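Novice: Take this structure first; my questions come after.
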Amino acid sequence: MRSFIDARGLACPQPVILAKKSMQDSDEIEMHVDYETAVEYLQRLAASSGFEFLSEKQEDYFKITLIKGKNTRTSTSQESFIPSCSGAGTVVAI
């Protein structure tokens, strides 16, 4: 299943949380984010979750594609990846 997430305007770590939830049901995820820190965290999430990561800079946002099972790195731990963010806004995840 393919899904789309428009995470532009969302404070960190919300884009990563949305991607992680979508990874449970989707084989391919297209995301739009509007700041580079989100791109970096999504790349780390993809690597730790067995997803291929593709990034393309558009005019005013980044287009991210995550594809299940295309990452050659294998992860043996089930550790959860939630970034520690600083910047605009505050998000508390429990």
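No value in this document is a laboratory result; all are computed from the given coordinates. Keep in mind that what you see is a predicted model, and the values were worked out from it rather than measured. Glycine gets a Cβ as well: all are built from the backbone with ideal geometry, and neighbour counts include every protein chain shown.
Novice: Based on the mean of other Cβ atoms within 10 Å per residue, sort peptides 17-24, 58-65 so the most packed one is first. Kindly include the intermediate steps, with their values, before the conclusion.
Specialist: Working: 17-24: 16.4, 58-65: 14.0.
Listed from highest to lowest mean packing, they are 17-24, 58-65.
Novice: Here's a follow-up. Measure off 7 Å from each Cα along the Cα-to-Cβ vector at Lys68 and Glu36, then give the distance between these two points in nanometres to one decimal.
Specialist: Using points 7 Å along Cα→Cβ, the separation is 3.2 nm.
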